[in-house]
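Written out below as structure tokens is the structure these notes cover.
The values are calculated or read from the model by the stated rules, or taken from the named source; none is laboratory data. As the structure is a computational prediction, the values presented were derived from the model and not from experiment. Note: ideal-geometry Cβ built from the backbone for every residue, glycine included; neighbour counts use all protein chains shown.
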Amino acid sequence: MGEAAKTAAGGAAQTALAPAVNPVLDLLKKGESEVNSGNLAGAATAMGGFKALWEKAGPVIQPLAGDKWPAIESAANTVLSTFNGATPEAGAASSALSGLIGPLSSLVGR
């Protein structure tokens, strides 16, 4: 594939990914903000909507993420298990959130 075609394909993937990734990133960053301010209960409440959001976004992200998908899926599973209805420990919550924010942000070029 020529460089121009790769660039065009990459741009199309970015355009398709943004509507799926951005709401997930927004929620993760809201949870991260709550953790950073010491409000772990608020973070747990905010992240209560993550599972439903991820169930919709994950299948859209997967085919466009390519070889990054296994790491993204693993990080999403860590977020799900960390915020499984209980108030998490601050370090675990922060680690889980940043572990998914990083790869999703790089996927959409943020």
Glu34 fails exactly one of the following numbered conditions: (1) surrounded by fewer than 14 Cβ atoms within 10 Å (Cβ to Cβ); (2) acidic (Asp, Glu); (3) touching a Gly at 6+ places or on another chain (Cβ under 9 Å). What is the number of that condition?
(1)
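Can you name the residue in the range 43-60 that is out of contact with any Lys or Arg (no Cβ under 9 Å at 6 or more places or on another chain) and crowded, with 16+ Cβ neighbours inside 10 Å and, of all such residues, is farthest from Val108 (Cα to Cα)?
Applying the first criterion (out of contact with any Lys or Arg (no Cβ under 9 Å at 6 or more places or on another chain)) to the range 43-60 yields 44-45, 48-60.
Narrowing further to those that are crowded, with 16+ Cβ neighbours inside 10 Å: 44, 50, 53-54, 57-58.
Details: Ala44: 25, Phe50: 19, Leu53: 17, Trp54: 16, Ala57: 14, Gly58: 14 Å.
Checking each candidate, the answer is Ala44.
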Could you list, in sequence order, all residues of the range 81-110 that are surrounded by 16 or more Cβ atoms within 10 Å (Cβ to Cβ), aliphatic (A, V, I, L, M) and at pLDDT 95 or above?
Ala93, Ala96, Leu97, Leu100, Ile101, Leu104
